[in-house]
Amino acid sequence: MRWFVLLLGLFLSTLAGAAPMGIVVPAYFYPPTYWDSMNFAASRVPLLVIVNPNSGPGTSVDTTYAAAVNSVRSSGAKTIGYVYTSYGARDTNAIRTDIDRYFSYYAIDGFFLDEMANSADTNVYNYYAGIYQYIQTKGTNLLVMGNPGINTEEPYLSRPTVDALMTYESNTGYSNYVVDAWVTNHLARQFCHVAYAISTAAMMTNIVTLAASRNVGWVYVSDATSTSNPYDQLPGYWTNEVNYIRSLNLAQVATQLKLPGVTNGVPVIQITGTPGVYEVQASTNLQQWTAITTTNLTGSTLTLKDLRNTNISRQFYRTRQ
């Protein structure tokens, strides 16, 4: 996560690269096959590996699997444990057992909640919020990604019940896929799209480019076609995919955060950078931060005002994409 910080009163601007796109790999293949290739990728792009030893953690540690997980994490990847939820019907005690076993068996950085419900039912929101809260008691900075596999309801993200959503998982129709309008209320890093049975590297690059334009920060494109497990291998164009996403990240415009001035006691903030969704936060002490707005930069520069307070003696701002 990259932050761009400025201090009110000093007219200080900070330059840095925009938030990079990353790859999420459903690593439903047994090590060591393909795992070395993921180690290579982790040194070049943000990499999130979904760990799935046995449709979950299993009932005992697999030392070969544990070694592979440790290796890919050492290479720079983050790992999240696969847990299925049966669309909100699975017993939460069984889910908690899976969560606890992952922590006992493997080095992980969060969880992937598969078979996520796609319902506006308050009881379903409560179900996933309870799982999320349980996970958060287990450590700090744990990532929870939910997988409805299709467009879903905003409260799953805003409540929150998860930190990120996989809102597309399919082998067809990506060019015609339309994201929900509420997606631009949130950061790209909070959305993931997965497309499989994509036969050529050229088609892969088209999908990655489309995903970036749809406010998606995590992608995975594969040529695997298995109906039982389309994630039993890395794509034949894996190196191309890694290098293409790396090239997009390197080509991003540096983000600049400026304070052009204060008008009638109201700070004026200017963001210049790569188009996309940005969250702006404020602090008086560089320790406690408050989100003041999420805004969509459609051009190269956006100017906004902090209307919460006037005549602030000291204020820090930071933004992330």
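The values are calculated or read from the model by the stated rules, or taken from the named source; none is laboratory data. Worth saying up front: this structure is predicted, and the values here are computed from it rather than measured. Every residue, glycine as well, gets a Cβ built from its backbone with ideal geometry; the counts of neighbours run over all protein chains shown.
Details
- In segment 180-196, the residues that are touching a Lys or Arg at 6+ places or on another chain (Cβ under 8 Å) and either surrounded by fewer than 19 Cβ atoms within 10 Å (Cβ to Cβ) or not in a strand (DSSP E or B) (or both): V183, L187
- In this structure, L307 does satisfy being farther than 27 Å from T167 by Cβ, assigned to a loop (DSSP other than H, G, I, E, B) and not polar (S, T, N, Q).
- Residue list for segment 221-246, restricted to those being of a type in the set (G, A, S) and modelled with pLDDT of 95 or more: S222, A224, G236
- Restricting segment 243-270 to residues that are among the aliphatic types (A, V, I, L, M) and buried (at least 21 other Cβ atoms within 10 Å of the Cβ), the residue that is farthest from G217 (Cα to Cα): I269
- Cβ pairs under 8 Å, 6+ apart, first in segment 60-86 and assigned by TED's automatic domain parsing to the domain that holds P31 and modelled with pLDDT of 95 or more, second among the basic types (K, R) and surrounded by fewer than 23 Cβ atoms within 10 Å (Cβ to Cβ): T79/R73; Y84/R90
- Test result for T274, outside the structural domain of M38 (by TED's automatic domain parsing) and either over 27 Å from S43 (Cβ atoms) or surrounded by fewer than 16 Cβ atoms within 10 Å (Cβ to Cβ) (or both): no
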